[in-house]
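The values are calculated or read from the model by the stated rules, or taken from the named source; none is laboratory data. Not measured: the values here are computed from a predicted model. In this analysis, Cβ positions are derived from the backbone assuming ideal geometry, glycine residues included, and neighbour counts consider all displayed protein chains. In case anyone asks, the SASA skips ligands and DNA or RNA and just uses the protein heavy atoms, side chains included. Shrake-Rupley method; radii C 1.70, N 1.55, O 1.52, S 1.80 Å.
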Amino acid sequence: MQKNLVIVESPAKAKTIEKFLGKDFKVMSSYGHIRDLKTKEFSIDIEHNYAPQYVIPADKKKLVSELKSEAKAAEQVWLASDEDREGEAISWHLYEVLGLKPENTKRIVFHEITKNAILHAIETPRDINIDLVNAQQARRVLDRIVGFELSPILWRKVKPALSAGRVQSVAVRLIVEREREINEFVSEAAYRIIANFTLPDGTTILKAELSKRLKDKKEVMEFLESCKSASFSIDEITKKPVKKSPAPPFTTSTLQQEAARKLGYSVSQTMMIAQRLYESGLITYMRTDSVNLSDLALGTSKEAILETYGEKYYKFRQYHTKSKGAQEAHEAIRPTYISNTEISGSAQEKKLYELIRKRTIASQMADAELERTTISVCINNKKEKFVAVGEVITFDGFLQVYRESYDDENEKEQENGLLPPVELHEVLSLNDIVATERFTQRPPRYTEASLVRRLEELGIGRPSTYAPTIQTIQNREYVIKGDKDGVERVYSVITLAKDKIKEVDKKEIVGADRNKLMPTDIGTVVNDFLMSYFPDVLDYNFTASVEKEFDAVAEGDMVWTEAIDKFYKLFHPIVEETAAVKTEHKVGERQLGVDPKSGNPVFVKIGRYGPVVQIGQAHPDDKEAPKPQFATLMKGQSIETITLEEALKLFDLPRTIGEYEGKDMVAAIGRFGPFIRHDGKFVSIPKDMNPLSITAEEAIELIDEKRKKDEQRFLKKFEEDPELEILNGRYGPYITYKKANYRIPKTVTNPEKLTYEECMKIVTEAAEKPAATKKRTTKKKA
DNA sequence: CAGTGAGCGAGCTTCCGCTTGACTT
């Protein structure tokens, strides 16, 4: 019989702890929550004081019965779930479901997985904190009420299968509002003035910028004109020491941000890779909001720094979490063993590990020291000055290991180089002055990672939900991650050189974006709807204010059902009212005008499958009445901005554009964008062409291109096995075998020369690696 | 990642937060 049963949340953690505790302890994992509200029902009994109806999900039944029998057999059960609200609730559910008894059940907590921490926890057990559990129930019930009362309203008023929630709806709001700011943004121009001087030695160049920008061309002309006869001399040299400190160790959110900036990983990619590192025992837990390092980690970091860089580079630092609502059940994300400089694994895993290791080490290193030199050049007939700033690193400190990245150019600190040695009052000769027209920048669109950062700042969402939330708002098609073409802008450059002023216009592309989050029509309509009826829930401070109540519950100062009741009494009547409003028109519907052909009204709205134009009304009761006509909006069109003319044009599709080889060519828009159908085959119309304006010649060219590509698609077939083929895909050659695809190693230069045996070797080797065998088949529709 | 290609009157959708697995005979 087992003496002790310890239950933790994660199986990887269970494995580690079992080693520390010895053979008198069996350690099992609950795999997170073991009980929850029903998935398909409201499951809250409003009439009976918001009593939640918990069930054990089907995929947890087997686990729960195993836990139950192990618990029954054990002399002592130790509930060791995380030391936060959710963890406390997990322990409580375990206690209830497993039928544990108070006399042989103990609750223990530790927030670092070290032998000392665990042994200490075993020595200092406590009871389940029911106040904390109730705070979790309040959180759970509130989220269910908000989600399950708001979503059905959207199904009725906007589109089926939509969703709303405390977290996702605010995430969408951030993106919608940012896009509006961008649309309303008016950039302002000003001239940046840069002068190149030659020092008295006759060769060295000093580059300096005018201390202020000039408003317009007239001002620039006047300024340059007066510079013709001016003399320039150095009137001030200042040197100032500057210090820079390292960033704290990673939390989930900062790891996601840095992995996106430095390695280009998406938020979910980062989490998957980190999960593998965690399961291999290489890093600590990857879902955390804490920047705290264990004493063990602090000690080994110190050793590593002293050994590799020397004492001068070491500085003991303790970080404190600043983010709102942090619960700090875990440590910061760090290598399990700092001394592990190299790991085995995929290239991605290695890169992420290296990032985590460097960040951890740097966080315990000395400040970098810089010397900032400012040289100011005065103009004898003006009070403005030219200024040159240079920076020299006098001691690199943590910079030797790690440098934090920035999201966009605005945030990036200017890279100041080294300045040439100069003397005070030295007279300089002017080479040229270049005035470049610069524009203020619009606010940046969110990336996945910058959205996570914003949500964290607002205290909305948790480390375990950042990645799923971003997935959800994209699945619902509230936002899309995509690219935006920039627009060409003309700016002028005015140069003074050799006493002559010259002006040229130059062109630049601005506002182009890659992989940024942008709202869709659906997202915008849903957001506007929720904002007008439920501004309190969409308020950026809603989560923060309910968290305050949950804190009061956790402290025992408030009964959780009263907190919920307070909210429900305000919230539910609005839900009822909103649902009761009979609307003839869908939310977001907009009439564009009248169809000149039929005289029927033309309007745009969110249809069952997304944004559409509709001509004429439906007459559900009259079967004889003419049916309305529909047309889907094209990519880039929006129900907010589309005009009547543009909308009517969409009805020209499908459009016969001519004949080729005796068969009609028809242009239309399908599920995956514009295409041409010809002789039963489909050819996509590229982004820079329009199905409404494409000519027969262009279409024939596309068809021929497609045929050529299809021919080249089959690189090689094998007689040994017809299911094995080498194909040419969008991303180069690949092997396909039994409906699965396999990458050809980069070392192979002539894929078409691969033999049957070589191909099968690639296939079987890939199949052995667990990651490659899995093929995600994402089903959108039921 | 590796090729798809409507429809707008018929049937169930949805929340947030913990955690990973992968039918059973």
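I'd like to check something: does the stretch A:401-415 contain any residue that is at pLDDT 95 or above and under 38 Å from the mean Cα position of the chain (by Cα)?
Our first condition is that a residue be at pLDDT 95 or above; within the stretch A:401-415, this holds for A:401.
Of the ones still in play, those that are also under 38 Å from the mean Cα position of the chain (by Cα) are A:401.
Yes, the stretch A:401-415 contains a residue that is at pLDDT 95 or above and under 38 Å from the mean Cα position of the chain (by Cα).
When the stretch A:29-58 is examined, which residues are found to be open to solvent by 50 Å² or more (accessible area, probe 1.4 Å) and of a type in the set (Lys, Arg)?
Answer for the stretch A:29-58, where residues must be open to solvent by 50 Å² or more (accessible area, probe 1.4 Å) and of a type in the set (Lys, Arg): A:Lys38, A:Lys40.
Tell me, please, whether a residue that is assigned to a helix (DSSP H, G or I), away from DNA strand B (no atom under 16 Å from the Cβ) and open to solvent by less than 70 Å² (accessible area, probe 1.4 Å) can be found in the stretch A:441-456. Can you show your working first?
Filtering the stretch A:441-456 down to residues assigned to a helix (DSSP H, G or I) leaves A:448-456.
Pick out the ones that are also away from DNA strand B (no atom under 16 Å from the Cβ) and you get A:449-450.
Filter once more, so that each one left must be open to solvent by less than 70 Å² (accessible area, probe 1.4 Å): A:449-450.
There is at least one residue in the stretch A:441-456 that is assigned to a helix (DSSP H, G or I), away from DNA strand B (no atom under 16 Å from the Cβ) and open to solvent by less than 70 Å² (accessible area, probe 1.4 Å).
Tell me, which residue of the stretch A:21-31 that is away from DNA strand B (no atom under 15 Å from the Cβ) and not acidic (Asp, Glu) is nearest to A:His330 (Cα to Cα)? Explain how you work it out, then say what you get.
Let us first name the residues in the stretch A:21-31 that are away from DNA strand B (no atom under 15 Å from the Cβ), namely A:21-26.
When the remaining residues are screened for being not acidic (Asp, Glu), the result is A:21-23, A:25-26.
Values: A:Leu21: 20, A:Gly22: 23, A:Lys23: 26, A:Phe25: 22, A:Lys26: 22 Å.
Here the residue is A:Leu21.
Could you check the stretch A:469-543 for strands (runs of 3 or more DSSP E) lying wholly inside it with 3 or more residues that are at pLDDT below 95 and of a type in the set (A, V, I, L, M, F, W, C)?
Working: elements: A:479-484, A:487-497, A:500-510, A:513-519.
Of the strands (runs of 3 or more DSSP E) lying wholly inside the stretch A:469-543, none has at least 3 residues that are at pLDDT below 95 and of a type in the set (A, V, I, L, M, F, W, C).
A:His619 fails exactly one of the following numbered conditions: (1) open to solvent by 60 Å² or more (accessible area, probe 1.4 Å); (2) in contact (Cβ under 8 Å) with a residue 40 or more places away in the chain; (3) within 15 Å of DNA strand B (Cβ to nearest atom). What is the number of that condition?
Tallying (1) open to solvent by 60 Å² or more (accessible area, probe 1.4 Å); (2) in contact (Cβ under 8 Å) with a residue 40 or more places away in the chain; (3) within 15 Å of DNA strand B (Cβ to nearest atom), A:His619 fails exactly one: (2).
Results for (1) among the hydrophobic types (A, V, I, L, M, F, W, C); (2) over 25 Å from A:Ser450 (Cα atoms); (3) open to solvent by 70 Å² or more (accessible area, probe 1.4 Å), shown as yes or no for each residue.
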{"residue": "A:Asp367", "(1), (2), (3)": "no, yes, no"}
{"residue": "A:Glu371", "(1), (2), (3)": "no, yes, no"}
{"residue": "A:Phe386", "(1), (2), (3)": "yes, yes, no"}
{"residue": "A:Ser405", "(1), (2), (3)": "no, no, no"}
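The conditions are (1) under 36 Å from the mean Cα position of the chain (by Cα); (2) surrounded by 19 or more Cβ atoms within 10 Å (Cβ to Cβ), and A:Ala121 fails exactly one of them. Which is it?
Result: A:Ala121 passes all but (1).
Mind listing whichever residues of the stretch A:148-207 are of a type in the set (Lys, Arg), over 30 Å from A:Leu428 (Cβ atoms) and either more than 7 Å from DNA strand B (Cβ to nearest atom) or surrounded by 22 or more Cβ atoms within 10 Å (Cβ to Cβ) (or both)?
Quick first cut of the stretch A:148-207, residues of a type in the set (Lys, Arg) only: A:156-157, A:159, A:166, A:173, A:178, A:180, A:192, A:207.
From what's left, over 30 Å from A:Leu428 (Cβ atoms): A:156-157, A:159, A:166, A:173, A:178, A:180.
If the condition is that a residue be of a type in the set (Lys, Arg), over 30 Å from A:Leu428 (Cβ atoms) and either more than 7 Å from DNA strand B (Cβ to nearest atom) or surrounded by 22 or more Cβ atoms within 10 Å (Cβ to Cβ) (or both), then A:Arg156, A:Lys157, A:Lys159, A:Arg173, A:Arg178, A:Arg180 are the ones that fit.
What are the residue pairs meeting all of these: first residue in the stretch A:715-727, first residue within 15 Å of DNA strand B (Cβ to nearest atom), second residue assigned to a loop (DSSP other than H, G, I, E, B) and of a type in the set (Lys, Arg), Cβ atoms under 9 Å, and 6 or more apart or on different chains?
Cβ pairs passing all conditions: A:Glu723/A:Lys738; A:Glu723/A:Lys739; A:Leu724/A:Lys738.
Looking at A:Asp84, A:Asp127, A:Asp131, A:Asp143, which one is touching a Leu at 6+ places or on another chain (Cβ under 9 Å) and open to solvent by 10 Å² or more (accessible area, probe 1.4 Å)? Outline the logic, then answer.
Values: A:Asp127 fails: touching a Leu at 6+ places or on another chain (Cβ under 9 Å); A:Asp131 fails: touching a Leu at 6+ places or on another chain (Cβ under 9 Å); A:Asp143 fails: touching a Leu at 6+ places or on another chain (Cβ under 9 Å).
Checking each option against the conditions leaves just A:Asp84.
Can A:Ala435 be described as at pLDDT 95 or above and either under 21 Å from A:Arg287 (Cα atoms) or within 16 Å of DNA strand B (Cβ to nearest atom) (or both)? Steps first, please.
Numbers: at pLDDT 95 or above: yes; either under 21 Å from A:Arg287 (Cα atoms) or within 16 Å of DNA strand B (Cβ to nearest atom) (or both): no.
Spelling it out, it is not the case that A:Ala435 is at pLDDT 95 or above and either under 21 Å from A:Arg287 (Cα atoms) or within 16 Å of DNA strand B (Cβ to nearest atom) (or both).
As an exercise: evaluate A:Thr656 against (1) within 12 Å of DNA strand B (Cβ to nearest atom); (2) open to solvent by 30 Å² or more (accessible area, probe 1.4 Å) and give the number of the one condition it does not meet.
Only one criterion in (1) within 12 Å of DNA strand B (Cβ to nearest atom); (2) open to solvent by 30 Å² or more (accessible area, probe 1.4 Å) is unmet by A:Thr656, namely (1).
Residue check, A:Ser81 against (1) within 16 Å of DNA strand B (Cβ to nearest atom); (2) more than 34 Å from the chain's Cα centre (by Cα), all met but one. Which one?
A:Ser81 satisfies all of (1) within 16 Å of DNA strand B (Cβ to nearest atom); (2) more than 34 Å from the chain's Cα centre (by Cα) except (2).
Considering each of A:Ile356, A:Ile375, A:Ile333 in turn, give the residue that is under 30 Å from A:Glu547 (Cα atoms) and of a type in the set (A, V, I, L, M, F, W, C). Break it down into steps so the answer makes sense when it comes.
Numbers: A:Ile356 fails: under 30 Å from A:Glu547 (Cα atoms); A:Ile375 fails: under 30 Å from A:Glu547 (Cα atoms).
Matching residue, one of A:Ile356, A:Ile375, A:Ile333: A:Ile333.
Would you mind telling me which numbered condition in (1) open to solvent by less than 50 Å² (accessible area, probe 1.4 Å); (2) more than 9 Å from DNA strand B (Cβ to nearest atom); (3) modelled with pLDDT of 95 or more A:Ile460 fails?
(2)
In the stretch A:110-133, what residues are within 13 Å of DNA strand B (Cβ to nearest atom) and at pLDDT 95 or above? Outline the logic, then answer.
Here is the first cut: in the stretch A:110-133, the ones within 13 Å of DNA strand B (Cβ to nearest atom) are A:111, A:113, A:132.
The one that is within 13 Å of DNA strand B (Cβ to nearest atom) and at pLDDT 95 or above: A:Leu132.
Looking at the stretch A:300-338, which of its residues are on the phi < 0 side of the Ramachandran plot and either exposed (fewer than 12 other Cβ atoms within 10 Å of the Cβ) or touching a Cys at 6+ places or on another chain (Cβ under 6 Å) (or both)? I'd like the intermediate steps shown before the answer.
Keep residues of the stretch A:300-338 that are on the phi < 0 side of the Ramachandran plot, which gives A:300-309, A:311-324, A:326-327, A:329-338.
Passing the criteria: A:Glu307, A:Glu311, A:Phe316, A:Gln318, A:His320, A:Lys322.
Restricting to the stretch A:5-20, give me the number of residues that are more than 12 Å from DNA strand B (Cβ to nearest atom) and open to solvent by 20 Å² or more (accessible area, probe 1.4 Å).
So the answer is 3.
Among the residues of the stretch A:32-56, count how many are more than 10 Å from DNA strand B (Cβ to nearest atom) and either aromatic (Phe, Trp, Tyr) or in contact with a Cys (Cβ under 9 Å, 6 or more places away or on another chain) (or both).
Taking the stretch A:32-56 first, the residues more than 10 Å from DNA strand B (Cβ to nearest atom) are A:45-56.
When the remaining residues are screened for being either aromatic (Phe, Trp, Tyr) or in contact with a Cys (Cβ under 9 Å, 6 or more places away or on another chain) (or both), the result is A:50, A:54.
Within the stretch A:32-56, residues that are more than 10 Å from DNA strand B (Cβ to nearest atom) and either aromatic (Phe, Trp, Tyr) or in contact with a Cys (Cβ under 9 Å, 6 or more places away or on another chain) (or both) number 2.
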